[in-house]
Amino acid sequence: MNWINSFRKRRAVYEDLSEEIRDHLEEKTRELIESGVSPKEAAAQAKREFGNVALTEERGREIWRWSTLEDFLSDLRYGARGLRKNPGFTFVAVLTLALGIGANSAIFSLVNAVLLHSLPFSEPDRLVSLSEHNWYPQGGFAAMRTSLQTMDLAAYLDGQEFNLTGQGDAERLYGTQVSANFFSLLGVQPEQGRIFRRGEDEPGNDFKVILSHPLWQTKFGAASNVIGQRIMLGGVSREVVGVMPSGFHFGSSKTQVWMPFNLDPRAVDTYWGGSWVPVIGRLREGVSIARAQAEVEVFQHRLLRMFPWKQPETTWRAASVIPLQQQMIGDMRSKLLLLLGAIALVLLIACANVANLILARAATRQREMAVRATLGAGRWRICRQLLTESTLLGAAGAAIGLVFAYFGVSWLKSMLRADDIPRLAEASLDVRVLVFTAAIGILTGLLFGLAPALQLSKVDLTESLKTGSKNAVATSHRLRSGLAVIQIAMAVVLVTAAGLMVKSLWQLVHVDPGFRSESVLSARVSPNQAFCDNFERCQSFYNTLIDRVRALSGVRDAALVNALPLNGRVAFIASRFEGHPEQVGDQPEPILFDSVITPDYLSVMQIPLLEGRGFVESDTARDAEPVALITASTARKYWPGVDPIGKHVGPIWEKQWRRVVGVVADVHEDSLSSTLPSWITGAIYEPFSAHAVLINRRPALEMNVVVRGTNDPTSFAGTLRQVVAELNPEVPVTETETLGGVVSKSMSAPRSVMWLFTIFAGLAVVLGAVGVYGVISYSVAQRTSEIGVRMALGAGRRDILALIFGQGARIAILGVCVGLAGALALTKLMTTLLYGVAATDPATFVTVALLLTLIALGACYLPARRAMRMNPLVALRYE
Amino acid sequence: MKTNKPRELFPGALEMMILRTLRLQPQHGYALCQTIKRASDDLLQIEEGSLYPALQRLLKDGLVSAQWGVSATNRRIRIYKLMPKGAKHLEREVSSFERMLEGVTRVLSPVRS
């Protein structure tokens, strides 16, 4: 209770001080009277010689108190009272700030979840990825795992799909294959059961599975006796050993089951040549990333000699070991920071608006400030009072902004796809976001309060006590116009960014994907591996399916393909071309996108055949000569200037060539902005036959049925499922979608970024226009009597209009010019987000410039009309 | 409002003079003020009010103490008294001030050859 005591003591000290000063004055007055001065004059002289009584008392008190805090509290009370008395001003200012701050907090919560949260694993700082550039064969991983001294290694492979059968309807599950030590390396615990044990990724021990929490809930009713149960996955019986908790998503947010690898050194082909895998590591105690990287670099060279065949020296790029978190974030970092930067601009515009409001209000407060100054408040003291007020506004804005942020985050989560942004689900208003919000609330308060505070505290006492000086109004007007210029400039930057995104998306939408998506439905049909071990059985299942679908009414044609364009699946082979040396020096062999199709695929998709012939039914027979189609760009690349028809191409692991029988137009397999993934060098088509073997040395067996209908293709969806169920109830049908939907989904990431930018730009334009409106209409009010004089002297309405618009135009043009310069410098940052449009696209820049000039002038319209309609007589009498 | 700010000659000067005056005898504020004015032959422009914040500072630092008492004319007055700590402080301040003054004087005085 020490502070209460000191408070009481202080009060006594203050009283003593006041009394003493009173006594002093009395004594002095009395002495003066005794020396013959008149009582009235004596009192005045005593006061004069004493100096400012109130100020002296204040200074005396200041010495005793922890003055900053108490001043602050009293400023706070005073400020709150002022704001309550001005509800209109307070409402607009707080709402503007709340919008700006809320939007910032929402975007920051994304940044926080993706970039700032450390991974939810134990000692995440020691987790690294070896696979920024290089993946390794399973055998290579196994060798590294036992040999490296600097870290422990685990591997995983996403995108494995398995049929779950015997648990109600057949279901397709998304799985991740992992090395046995994967979970223990991450340091995560299961919710039920156990994680994999050492050795469970070896042949014979690998028939185990761990379930994700959601799968356990939906498919197994969250029953605890699921542990130890055997389930059928991909036609193979596996024992459920554990369930992971709901927050665990690795390697993909989609993973429903984790299964061990089957690391079998005797299966040489898959061990060294099958799917290569990304490798992660946990640094051992005290090991630096640089040391680990050096060891991997050395080991990569040793690894090349371990291959059962000669592996080119250029197989891997230089070893790189990076923090696992960095690997997971990938290129999101720059995108998110760009978004954060953009939304920060919006907040700055909002700040400028509020600063303008305060300046406008300041004109009416000059007298108040003058009175305070007379009473002995220094400039700094007044400044501090004003800054306290604006900080109060900022804090209120932050508090309400949090509510906006709450809705903003859930909206962002629903709009963005978890596939596009890693760890999106973790975004929430946690402590860090709260602190961030509070901090920007206070910072913005100081920011937008500073200019008005400096302006307003610079009071010329005698002048403002009399009338409120014209001089102060003039500088205030310059300041306000300057703020409006800045607002327009920042709005130009944001609108330009949004314009570029819109144009880029427009370009994407108008990319010819190489096929016609109208009226086409696609669905993934995936029999079990075991079912297709007998390829003839598999093939006849598909052929019957296609025949039945074709017979449906409304169906024009139907076909099969193993990897539908634009849906994220990649099917490929390592290949060789006739006429090319088996291996040119250390050139890695060509990797070709390998579409395995039934003959009608080209016509269903309407992919143009440029030369030669397409496939025919007889090409799919087991004893038929293996043939292939090649895309135009691949032909140009590998056989430039030569007719590719009759040439040969084939997988590197087979002596058997495929004869090229036709050339087809290129198709966007990967995305609308690039035809193929960067690591794939070309594309071929093979007929759906036992010959068409992919990189895993197996024929394609999971296929997409593509159906071209006469009208709305979604109407077949149900029937298609029925047809498959009749043929084989254990075969799930998934990903039933129109081709248009597939194309559209492939644009989801650029589309959502475009929407965000457009919303930001919209906010910026509205706030900017309000800013210009505020400045102009305030100036019209200030110039009322001037306008009256002009009108009285014969100025027409048109002259008045020109006067007001001229003022607006100066702000607009200056703002647009500054903004364009800023945009030119800043849009460079978004180059990677743009497709088919330069970051300095002249058309966009010109359009934005015109648009914003118009908007700014539009904002002058109302005040200009008000000025024009003024009655000169009334205007002259104004003030 | 033009405020000619004659607060003190330099920071601490007024405090020094107060301490010096109180060393002679305890006094109350008004008397203290008159003594200093007289002693300086009115050479120093001291705003009377500025005395009180200075006294508060000295009180707070424990260099002087204050007590309500009764004056010769039977008025309630607050009498300030120099504390031992204040005496020591004064000594230090005066000697450092004299050194400074000597330095300044040497620089300002005409060059002797």
The lone exception for A:VAL371 - which of (1) surrounded by fewer than 22 Cβ atoms within 10 Å (Cβ to Cβ); (2) away from chain B (no Cβ under 14 Å); (3) in a helix (DSSP H, G or I) it fails: (2)
Those helices (runs of 4 or more DSSP H) lying entirely in the range A:51-116 with at least 3 residues assigned by TED's automatic domain parsing to the domain that holds A:TRP380: A:67-85, A:87-111
Close pairs from the range A:258-287: first farther than 21 Å from A:PHE162 by Cβ, partner of a type in the set (Ser, Thr, Tyr), Cβ under 7 Å, at least 6 apart: A:PRO265/A:TYR271; A:VAL279/A:SER131; A:VAL279/A:TYR136; A:ILE280/A:SER129; A:LEU283/A:THR150; A:ARG284/A:THR150; A:VAL287/A:THR150
Some residue of the range A:289-296 being at pLDDT 90 or above and under 24 Å from A:TRP679 (Cα atoms): yes
Residue check, A:LEU387 closer than 25 Å to A:VAL94 by Cα and either surrounded by fewer than 20 Cβ atoms within 10 Å (Cβ to Cβ) or not assigned by TED's automatic domain parsing to the domain that holds A:ARG751 (or both): yes
Single residue of the range A:218-236 satisfying the filter (touching a strand residue (DSSP E or B) at 6+ places or on another chain (Cβ under 9 Å) and not hydrophobic (A, V, I, L, M, F, W, C)) that is surrounded by the most Cβ atoms within 10 Å (Cβ to Cβ): A:GLY234
Of all residues making up the range B:29-39, the number that are touching a helix residue (DSSP H, G or I) at 6+ places or on another chain (Cβ under 8 Å) and of a type outside the set (Phe, Trp, Tyr): 6
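Residue-wise test of (1) of a type in the set (Lys, Arg); (2) within 30 Å of A:LYS335 (Cα to Cα).
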site	(1), (2)
A:SER777	no, no
A:VAL780	no, no
A:GLU786	no, no
A:ALA792	no, no
A:ARG798	yes, no
A:GLY819	no, yes
A:GLY822	no, yes
Which listed residue, of A:ALA396, A:ALA405, A:ALA350, A:ALA363, is in a helix (DSSP H, G or I) and modelled with pLDDT under 90: A:ALA363
Candidate set: the range A:150-206, residues that are over 22 Å from A:PRO124 (Cβ atoms) and among the hydrophobic types (A, V, I, L, M, F, W, C); chosen: the one nearest to the chain's Cα centre (by Cα): A:LEU173
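Conditions (1) of a type in the set (A, V, I, L, M, F, W, C); (2) on the phi > 0 side of the Ramachandran plot; (3) modelled with pLDDT of 95 or more, marked per residue:
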position: A:GLU617; (1), (2), (3): no, no, no
position: A:PRO626; (1), (2), (3): no, no, no
position: A:LYS637; (1), (2), (3): no, no, no
position: A:GLU654; (1), (2), (3): no, no, no
position: A:THR675; (1), (2), (3): no, no, no
position: A:ILE680; (1), (2), (3): yes, no, no
position: A:TYR685; (1), (2), (3): no, no, yes
Candidate set: the range A:656-682, residues that are of a type in the set (A, V, I, L, M) and more than 32 Å from the chain's Cα centre (by Cα); chosen: the one surrounded by the fewest Cβ atoms within 10 Å (Cβ to Cβ): A:ALA665
Some residue of the range B:86-109 being in a strand (DSSP E or B), more than 13 Å from every other protein chain (Cβ to nearest Cβ) and touching a residue at least 24 places away in the same chain (Cβ under 8 Å): no
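Yes/no matrix, rows are residues, columns are (1) farther than 12 Å from A:PRO872 by Cβ; (2) buried (at least 17 other Cβ atoms within 10 Å of the Cβ):
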{"position": "A:MET791", "(1), (2)": "no, yes"}
{"position": "A:GLY794", "(1), (2)": "no, no"}
{"position": "A:ASP799", "(1), (2)": "yes, no"}
{"position": "A:ILE804", "(1), (2)": "yes, yes"}
Complete set of residues in the range A:515-555 that are closer than 22 Å to A:LEU739 by Cβ and among the basic types (Lys, Arg): A:ARG516, A:ARG524, A:ARG548, A:ARG550
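Looking at the range B:46-62 only, could you name the residues that are among the acidic types (Asp, Glu) and either more than 8 Å from chain A (Cβ to nearest Cβ) or not in a helix (DSSP H, G or I) (or both)? Before you say what the answer is, go through the steps one by one.
Step one: of the range B:46-62, the residues among the acidic types (Asp, Glu) are B:47-48, B:61.
Of everything in the range B:46-62, those that are among the acidic types (Asp, Glu) and either more than 8 Å from chain A (Cβ to nearest Cβ) or not in a helix (DSSP H, G or I) (or both) turn out to be B:GLU47, B:ASP61.
To keep it simple, each residue is scored yes or no on (1) within 13 Å of chain B (Cβ to nearest Cβ); (2) more than 60 Å from the chain's Cα centre (by Cα).
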residue: A:GLU26; (1), (2): yes, yes
residue: A:LEU32; (1), (2): yes, yes
residue: A:SER38; (1), (2): no, yes
residue: A:ALA42; (1), (2): no, yes
residue: A:ALA54; (1), (2): yes, no
residue: A:ARG59; (1), (2): yes, no
Check on A:VAL596, assigned to a strand (DSSP E or B) and buried (at least 16 other Cβ atoms within 10 Å of the Cβ): yes
Pairs, first farther than 12 Å from A:ALA342 by Cβ in the range A:818-832, second surrounded by fewer than 18 Cβ atoms within 10 Å (Cβ to Cβ) and acidic (Asp, Glu), C-beta under 9 Å, six or more apart: A:THR832/A:ASP331
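Can you name every residue in the range A:642-655 that is of a type in the set (Phe, Trp, Tyr) and either without any contact (Cβ under 8 Å) to a residue 40 or more places away in the chain or surrounded by fewer than 15 Cβ atoms within 10 Å (Cβ to Cβ) (or both)?
In the first step, residues of the range A:642-655 are kept if they are of a type in the set (Phe, Trp, Tyr); the result is A:653.
Matches in the range A:642-655: none.
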Filter pass, A:THR710 being closer than 30 Å to A:ALA551 by Cβ, modelled with pLDDT under 90 and out of contact with any Lys or Arg (no Cβ under 9 Å at 6 or more places or on another chain): no
Residue that is surrounded by the most Cβ atoms within 10 Å (Cβ to Cβ) [pool: residues in the range A:237-285 that are of a type in the set (Lys, Arg) and over 17 Å from A:SER212 (Cα atoms)]: A:ARG282
From the options A:LEU116, A:LEU83, A:LEU97, A:LEU73, residue that is within 27 Å of the chain's Cα centre (by Cα) and surrounded by fewer than 24 Cβ atoms within 10 Å (Cβ to Cβ): A:LEU116
Residue match in the range B:91-109 (condition: under 20 Å from A:GLU27 (Cα atoms) and acidic (Asp, Glu)): no
Every residue from the range B:63-85 that is hydrophobic (A, V, I, L, M, F, W, C), surrounded by fewer than 19 Cβ atoms within 10 Å (Cβ to Cβ) and within 14 Å of chain A (Cβ to nearest Cβ): B:TRP68, B:VAL70, B:ALA72
Per-region count, the range A:499-527, residues touching a helix residue (DSSP H, G or I) at 6+ places or on another chain (Cβ under 9 Å), of a type outside the set (Val, Ile, Thr), more than 30 Å from A:GLY762 (Cα to Cα) and outside any loop (DSSP other than H, G, I, E, B): 3
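The values are calculated or read from the model by the stated rules, or taken from the named source; none is laboratory data. These numbers were taken from a predicted model, which means no experiment stands behind them. Glycine also receives a Cβ, built like all others from the backbone with ideal geometry; neighbour counts cover every protein chain displayed.
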